[in-house]
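Here is the structure we will look at, set down as structure tokens.
None of the figures in this text is laboratory data; all of them are computed from the coordinates on show. Worth saying up front: this structure is predicted, and the values here are computed from it rather than measured. Neighbour counts run over all protein chains shown; Cβ positions are idealised from the backbone, glycine included.
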Amino acid sequence: MAKKEKQKKDTVAEEVVEEVVAQTPEVNPFEEKYNAEHDAHLRLAAEYDNFRKRTTKEKEQSYLNGRADAVEKLLPVYDNLSRALQQETQDAAYKKGVEMTMTELVKILNSLGVEIFGAEGDQFDPNLHNAIMHVDDESIPENTITQVFQQGFKMGEKIVRFAMVQVAN
């Protein structure tokens with residue numbers, strides 16, 4: 001009886017294998033090659049597209065870094081003009097000339113996409129400001145900028161220079 005069951009199981013297994021083989025479609029070798037070449041082509045196209053996007057992004061980033069470097073070289077001029085404007089002078093023409101120069105420099109910086117930040121009364125942000133001094137004053141809210149020693153500059157999300165400030169605790 002065991003032999004008959006084994007033969008029956010073998011017959012059932014053979015029938016299942018034949019049924020599966022009958023259900024699987026015939027594979028054309030030309031179609032396989034076409035599909036392989038098509039996949040390779042799609043991968044190459046995707047790789048090229050990624051390369052193009054990456055190089056465009058790198059180009060934009062290098063342009064932004066170049067502009068930021070140029071702006072950073074101009075910041076000492078801005079600082080000196082700021083100091084000159086804070087000094088008292090009897091010569092009105094001299095003062096007007098310094099003001100005009102400073103106005104023109106700020107226009108140029110704005111046209112380059114530079115944002116000037118760090119003013120008294122602003123909230124202290126460690127991502128933008130460098131606190132070099134603290135003052136204890138109960139009349140001023142906590143983390144408020146009380147004095148600006150150097151203004152900060154940024155281009156988009158890139159910080160060109162952090163603002164150096166005094167903060168109330």
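Remarks
- Between LYS33 and TYR63, the contour length at 0.36 nm per residue exceeds the Cα-Cα span by 6.3 nm.
- Furthest towards positive pole of dipole, ALA163, TYR94, ASN50, structure part the chain, Cβ charges: ASN50
- Each DSSP beta bridge with both residues in the chain is either parallel or antiparallel, and the antiparallel ones are about 65%.
- Local net charge near LYS107, Cβ-Cβ under 15 Å (Lys/Arg +1, Asp/Glu -1): -3
- Remark on the stretch 29-112: ratio of C-alpha radius of gyration to 2.2 N^0.38 Å is 2.32.
- Ellipticity at 222 nm from helices only: DSSP H runs of n ≥ 4 in the chain, each -39500 (n - 2.57), divided by the residue count, give -21500 deg cm²/dmol.
- Highest to lowest packing among 32-42, 144-154, scored as the average C-beta count within 10 Å: 144-154, 32-42
- Karplus 3J(HN,Hα) series, Hz, for the stretch 87-102 with 6.51 cos²θ - 1.76 cosθ + 1.60 (x for Gly, Pro): 7, 6, 8, 8, 8, 5, 5, 4, 4, 5, x, 5, 4, 5, 5, 5
- Most simply put, the stretch 114-169 has about 65% antiparallel DSSP beta bridges, counting only bridges with both residues inside it.
- For the listed residue pairs LYS107/LYS154; LYS73/LYS158; LYS57/LYS107; LYS73/LYS154, the alpha carbons are over 19 angstrom apart in LYS57/LYS107.
- For the stretch 114-169, radius of gyration divided by Kirkwood radius, i.e. Rg to Rh on alpha-carbons: 0.99
- Net charge over other residues, Cβ less than 12 angstrom from the Cβ of ARG54 (K, R count +1; D, E count -1): 0
- Over 20 Å [Cα-Cα, the chain], rounded percent: 73
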